[in-house]
Every structure is written in C-alpha cells, then in structure tokens.
C-alpha cells in the first residue's frame, strides 16, 4: 500500500519532469502545437509505456490516470506564454530536470518489474529502459541520432546504478519506500555529477582510427 | 452487429487507402519490391497495430483477415505496371487518398477504444494514434523527419476533430453506425479543406528567432 | 519436446550470431560501451521481441533465460580486447554471421507463429519480421536508412524463402526438427549465395528517372 503511494508519487514526478523537458526542447526547436504535444507525450510516457508493453502490464499509467494526458495538454497550451523565456534559458535547468526524471524512472521501472516477478537482471534492464527510452524515442521522432548513443556522457549508466541500488536494497530487506527513494536519489545525483564534472565514457577504440570513419555508420 | 459491419467496412477502406498511398510513395522513391511491401504494410497496418498493442487487443485485423496481407502483396506485384503513371501523378490524388484514410482510421480507432472501455480522453488519443502513426512509422523507416512534425499543416488535428465528434455523438446516444460515418467524414473533409486552403499551424515562436537555429534540433 | 530443444538451439545460435554482428558493427562505428550494449541487445533481441509482442507471447526468451543478457554484457566487456582485430576484418565474416542469424531466426520465428495457431501467411510474415527487424531497429537507432530498404540486395526475400520452406514442409508432415533445419539452411544459403554472386533486386522503376530525384524521399 504504502509502497504503492510512494511509487505513484515517484512516477508522477518523473512524468512531469520529462514532459516539461520534452516540451521545452520542442519549443527550442520551434515546433507547432502538434509537435510539442507529440514530443511531450513520447518523452513523458514513452519509456514507461514500452516497459509496460514488455511486462504485459495494463492499464498504462496514462489510462489509469487520464489527468496526466490533460497535464501535457495544459503544458502545451501554456507554451506560448513562456516560450521566449524558455528559449533564453541556459542548458542546465533542463538537464537537471531530465536528471531528476532519469533517477525517478529508473527506480520506479525496476520496482514495477520486481513486482511482476521478473528476475533481478531483467528488472535492472527494465529500469534502464524506462529511464532512457523515452528520450531515445523522442530523438528518433525528431530525426536525430539518439543522445544515448552520441554524447558519450554517462546517462544509461546512471540509471543502471540506480536500478542496481534498488535491487540490492530490496534483497537486503530494506523497506520498499526507503529503497525507492535511495535508488532514485542515486541515479539523479550520479547524473548531475556526470554533468557537473563533464565525465565522458571512453570509446571502445580511440580517435586515432582510419581517416574517413564516421561515427554512427556501420561497415555497410 | 451492425456496428461491427460498418466498422469493418471503414477499417478496410482505410487500410486500402493507406496501402495505396504508401506504395505510391515507395514507387516515387524508386524502391525495390521489398521496400514497397515494407512501406505498404507499415503505412496500412502500423497505426492500427500500434493501437491494438496499446489496447492489448487481439487478433490484429491482418491476422483475422489474412486477405489484407495478400492485398498489399497484389498491389506490390501490380506496381511495375502502373509505376510510370504513378510517378507522373500530381500530388493531390495521393493526398486525398491519405485524407480518406485519416478520417476513417480516426473514427474506427476511437470506436474500438470506446469498445475496450477506455475513458473518452484515451479513446480520442487512440483515434489520433491509429490515424497518424502509420505515417509516422513510414517516415521513420524511410529515414526522414515525420511529416507530422515538419509540415506544419493540420493533420493530427483533423484526426483529433473526427475522434472528438465520434465521442460526442456516442455520448449523445446517436446510433453507432451514423456516428462512425459522420466522424470519418469530419476528419476527412477537414483535412481536404486544410490542403485546399493551405492552412498552416503557427509555430510556438515566430521565425524571427536567433540565427543558427535549426528546426528539429534540440538544445543538445 | 524434441522440437522445443531444436528450436531453443536455433534461437540461441541466432541470438549469438546477431549479438556478435551487432557489437562488431558498433565497434566499427567507434561507440562507447553503452552504445555497444544497446546496439547488441537491439540487434540480437529486437526481431524476436517484436514477434513475441505481436503474437502476445510471454515470457520473452531473454526473460526465460537471463543468461542471454549476460552473454551480451560479456561480449561488450570483451570488446576492447578484440576491437583492433574487428576493425581490420573484411566485410564478409560479419555478413556470413548475419546470414546465419537470418536463416535461423526466419525458421524459429515461423515455427513459433505456427505453434501460436497463426495462419500460414501470418507465420511466414512473422518469420520475416523476426529475421529482418532486429537489423531494421539497429539501423533506426543508429540513425540511418535501414539496409533493408537501401541496399537492394535480397535479405528479407531469403528469410521469406526459408519461412515458406518451413510452412511447406510442416504441411507435408515432415518431422518438425528436420523442417526447422532445412528451412534455416535454405534462408542462410540463399543469403550467402546472394552475397557471393552480388544479386540485386530490380527497382520498380529504372534509374533513368527525373533528375533531382533522391532515393528514400517521398513526394512530400
């Protein structure tokens, strides 16, 4: 019961964070209202919906609580009022909002997979999918290489860490509400640290490769 | 029963319209037979299949009526015979065919969601997804920015209007067959009007933005 | 029972082949570890998972046998050790590995669809989806036009041939294990032949089209 309440609060906060960051990005790309709504929905609900399809879990959060759909609509309608201010924003407030969504979704995704009796490895993977694939779907829709594959900064790994913390704490019989909060905090803080410190993932092979190589291209 | 019959006729006409418009576009892009079949299938069945996965509804229309798959195959086999004529076609016949599919799918998608006891808001959204996401998947497969996000002409909004009309008429206890036909007509006619009059959606922020901005790019 | 065993062996070999070929391609694109893991998972599990979602079949192979997830992780961790060698590889070893995965997945996908009581046409289509859509998802994630639509060499058609062979043999009451092996061999050998002989699919309309046409673009 109590876990259900904390889980709901976490999922709601994550949806709000991702909806705002998705719509803000749409504003910066100067989309129309339909574009904003599409990008907002996909960023906010894409990861969780993919997780629920994979877990065969129904109803989706946006079916159970239709208010979430109206929330995104309200944000889209409010967009013209704040558009200029959003365009002048520096990058970090949106990145921190995104980090918040990342940590929260990693925790809630893992918890829901554990509830569905998934093995720990699958639960961790579901946490990462919930946290990272809303953004991947947004990037695919907007016709660009997913940041996940291109920016070489830890993103999925922060979600992975949060998910592993949740599984570990649950196996150590830590109360579920506490485990959720600690896991969400771990993922979010790691992402913020990665952003603040400019951490970069090494590529598997250094830059001194053959000339003419283009990242994001296979052997074809 | 009777609603089932009208619904089936509408879904069939929508599939045919989208299959023809998808394959015609593949011909214009000078694809091979596999490309035509892939684009034809995805355009015709993509939106409805996504809707059914989200509604957890089985069997899919193309499993229940395998003839639809053969129809697409037949269209692909006939493609070389009509290819030159299709390439010389002006844009409007394909756009009108697409408008027909849009209105029909918006109505049938909303009706099927209502039948699955979805709330009205979700039913409207399912109508829009059914009508618009076959085209989005086609554009993603063909590696281009979805028209939905790029052409700034009302497309999803016409589907939205048709879906809202269906929900409104059903709540006013209009007979289901009549509601379906009026809703499909509304979506299709609005889209045709939008094309004929050149209606454009306003971007959230005008064109006088910072130089160097490129639409379809986020803050990254 | 015995069919189950052969089916499992075939599915495992296909997953291994596609995981290795996906990760090798990621290495050649000089991705980081997260990129490698994402591309490896999607290439290896994408087609089968899409098939299972469409068939409403659970558990997924990577939930039932979590070892497969660890296998991909192990391959990613081993990547730095072999990266230079992989980059110097000619194209054909990866193409043959991919051909192996193609034939195996076409056979296993069709067999699983038949088991789920799908009509023969749908079963053949599921075989093609299983074999070809892992690669399509990989290409979409890596932000490029799917090879399926762009390289004009028979790929999906080889999978189609293998799937048809399986359906034919099963309808002729050939023992299931034998049918699986013959079907997988057919798909793989046809693909290898197509690569070795340089077979090309004709485009629907010849190259002498209007100047300025770009393949992969619609009329827009």
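Nothing in this text is a laboratory measurement; each read-out follows from the coordinates by a stated rule. Predicted model only: the values in this text are computed from it and were never measured. Heads up, the Cβs are rebuilt from the backbone with ideal geometry, glycines too, and the neighbour counts pull from every protein chain shown.
Here are the numbers for this structure:
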read-out	value
Selected from A:198, A:127, A:187 as most flexible by GNM, with chain A as the system and alpha-carbon contacts under 10 Å	A:198
Cα-based shape type of region A:30-108, given that a ≥ b ≥ c are square roots of the gyration tensor eigenvalues and the cut on a/c is 1.5	oblate
Residues of region A:112-135 with amide N under 19 Å of the 7 Å Cα→Cβ point at residue A:151	A:128-135
Counting all C-alpha pairs of region C:60-159, share separated by more than 17 Å (%)	66
Expected 222 nm ellipticity per residue - DSSP helices of 4 or more, -39500 (n - 2.57), all of the protein assembly as shown, to 500	-25500 deg cm²/dmol
Cα-based convex hull, region B:75-130, per residue volume (Å³, whole number)	86
Order of B:151, A:32 under a 10 Å beta carbon neighbour criterion, fewest first	B:151, A:32
Normalised contact order of region C:1-130, rounded percent, pairs of Cα under 8 Å and 6 or more residues apart	34
Region A:43-63 versus region B:182-205: alpha-carbon centroid distance in Å	31
Cβ-based exposure ranking for A:129, A:39, in which fewest neighbours within 10 Å come first	A:129, A:39
For residue A:197, inter-copy label distances in nm, listed shortest first [label point 7 Å out on the Cα-Cβ vector]	5.9, 5.9
Region A:106-158 versus region B:114-133: alpha-carbon centroid distance in Å	26
Normalised alpha carbon radius of gyration of the protein assembly as shown [divisor 2.2 N^0.38 Å]	0.94
Average Cα contact separation per residue, region A:111-162, under 8 Å, 6 or more apart, as relative contact order %	33
Residue order, fewest to most surrounding Cβ atoms within 10 angstrom, among B:49, A:121	A:121, B:49
Candidates A:170, A:58, A:203, ranked by Gaussian network fluctuation over chain A, Cα under 10 Å, top entry	A:203
Reciprocal mean inverse distance between Cα atoms of region B:2-197 - Kirkwood radius, Å	16.6
Percentage relative contact order, chain B, counting C-alpha pairs under 8 Å, at least six apart	23
